[in-house]
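For reference, the structure discussed in these notes is given below.
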Amino acid sequence: MNQNMLNRWISITKENPQRIAFPEATEEKILKAARGAQDVGAIIPVYVGVEADIRAAAEQYGVSLEGAEIIENTEELRASVASRYVEQHPEAGLSEKAVNRKGKDPMYFAYALQALNEVDSVFAGLSHATGEVILAASTMIGLAPGISTVSSMGIMDAPYFTGSEGNLVAHGDGAVCVDPTPEQHADIAISACETVKALFDWEPRCAMLSFSTDGSAEHEMVSRVREAVRIANEKRPDLKIDGEFQLDAALSPEVAAKKVKRESAVAGKANILIYPNVSAGNIAIKMCQLVGKCDDYGPILMGFAQPTSDCSRSSPVSELTGNIIMLAVRSVRR
């Protein structure tokens, strides 16, 4: 991971280490990544599940549990959590019986603890599919006010690119919202701006991408991007969200000067790129990784009432550690 970026995040979290819950606490990579984030002072791991199994896994993989916490979702504790959850979150529409039943799954139990502010966030996704993580988070912590779309964002570290934020650029959604409506597309852009504000000291400048720049082409897909820009600006006029832009017009001041014949706070200096759909995002990300030798950190789940994170099952321990630290920063600044 970009060391300067990582060092900035560690300095933020060391002042207020976050209690991050890990419901996949018998997984070797989770235990090692959480330990790595703990060792730099970013988090206090809270392992959720059967204590005997967690301790056995930690011993098997040679991971120290010193300074960490273990919360076992026993029948007694599930009943207590269910009672308090229903009292504090009537908007969820769940009965005590339903919360208790869901709490048998460590991931749902971890999210219930987050909803009660007993942990600061939840990190999962190594043994659960993205859809399972999203469903648990949506059920237990819900969506952010004014947002109705769950989406994702990544941070690209591009060694051969120099933009308004050096080698870094945020981008989304390349993983979750497959073919967004204009309303969903607007939500993705707004969520990305809020996420960038939490992670960096950047002023978010969000470009909505297309194969057209400011009317250079006409097509239904272009019209949908324009409508998304209109909705985003109407919902959040305080944010710099603009488009439709081709990629070069979004990132290159020289190209923007030729293609964008109006004032724009985003054109040529975007630090957030929003893809028109997951197909475009998935292709762009893999192209950058394989051809451009870029590192990509995430996916960062967005749109929830509280920060949470998914992770790729193929991620190495070092990348998972960086993603945990990134989640801790979002938690500190939420």
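The values are calculated or read from the model by the stated rules, or taken from the named source; none is laboratory data. Because the structure is predicted, anything quoted here is derived from the model rather than measured. Here the Cβ positions follow ideal geometry from the backbone for every residue, glycine too, while neighbour counts run over all protein chains shown. Surface areas here come from the heavy atoms of the whole protein model, side chains and all, with no ligands, DNA or RNA. Shrake-Rupley method; radii C 1.70, N 1.55, O 1.52, S 1.80 Å.
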Please go through segment 18-32 and pick out each residue that is assigned to a loop (DSSP other than H, G, I, E, B) and either of a type in the set (Gly, Ala, Ser) or closer than 19 Å to LEU116 by Cβ (or both). PRO23, ALA25
Within segment 44-52, can one find any residue that is open to solvent by less than 10 Å² (accessible area, probe 1.4 Å), among the hydrophobic types (A, V, I, L, M, F, W, C), within 22 Å of the chain's Cα centre (by Cα) and closer than 22 Å to TYR108 by Cβ? yes
Does segment 42-59 hold any residues that are more than 21 Å from PRO17 (Cβ to Cβ) and in contact with a helix residue (DSSP H, G or I) (Cβ under 8 Å, 6 or more places away or on another chain), and which are they? GLY49, ALA57
Could you please give the count of residues in segment 211-243 that are of a type in the set (Gly, Ala, Ser) and open to solvent by 20 Å² or more (accessible area, probe 1.4 Å)? 4
Over segment 75-100, the set of residues within 29 Å of ALA37 (Cα to Cα) and either open to solvent by 40 Å² or more (accessible area, probe 1.4 Å) or modelled with pLDDT under 95 (or both) is LEU77
Within segment 149-184, which residues are without any contact (Cβ under 8 Å) to a residue 12 or more places away in the chain and outside any loop (DSSP other than H, G, I, E, B)? GLY166
Could you figure out which of (1) touching a Cys at 6+ places or on another chain (Cβ under 9 Å); (2) over 21 Å from PRO204 (Cα atoms) isn't true of ILE283? (1)
Please verify whether ALA110 is in contact with a Gly (Cβ under 7 Å, 6 or more places away or on another chain) and in contact (Cβ under 8 Å) with a residue 60 or more places away in the chain, treating the condition exactly as stated. no
Within segment 191-244, how many residues turn out to be hydrophobic (A, V, I, L, M, F, W, C), more than 23 Å from the chain's Cα centre (by Cα) and over 16 Å from TYR275 (Cβ atoms)? 1
Within segment 101-123, identify whether any single residue is closer than 18 Å to ARG19 by Cβ, in contact with a helix residue (DSSP H, G or I) (Cβ under 7 Å, 6 or more places away or on another chain) and surrounded by fewer than 18 Cβ atoms within 10 Å (Cβ to Cβ), and answer yes or no. yes
Are there any pairs with C-beta distances below 8 angstrom linking a residue in segment 279-304 that is open to solvent by 60 Å² or more (accessible area, probe 1.4 Å) to a residue that is modelled with pLDDT under 90 and polar (S, T, N, Q), with the two at least 6 apart or on different chains, and if so which? ASP295/ASN2; ASP295/GLN289
Given the conditions (1) part of a loop (DSSP other than H, G, I, E, B); (2) out of contact with any Phe, Trp or Tyr (no Cβ under 8 Å at 6 or more places or on another chain); (3) open to solvent by 40 Å² or more (accessible area, probe 1.4 Å), every one holds for TRP202 apart from (3)
Condition (residue is among the hydrophobic types (A, V, I, L, M, F, W, C), assigned to a helix (DSSP H, G or I) and in contact with a strand residue (DSSP E or B) (Cβ under 9 Å, 6 or more places away or on another chain)) applied to segment 213-221: is it met by at least one residue? no
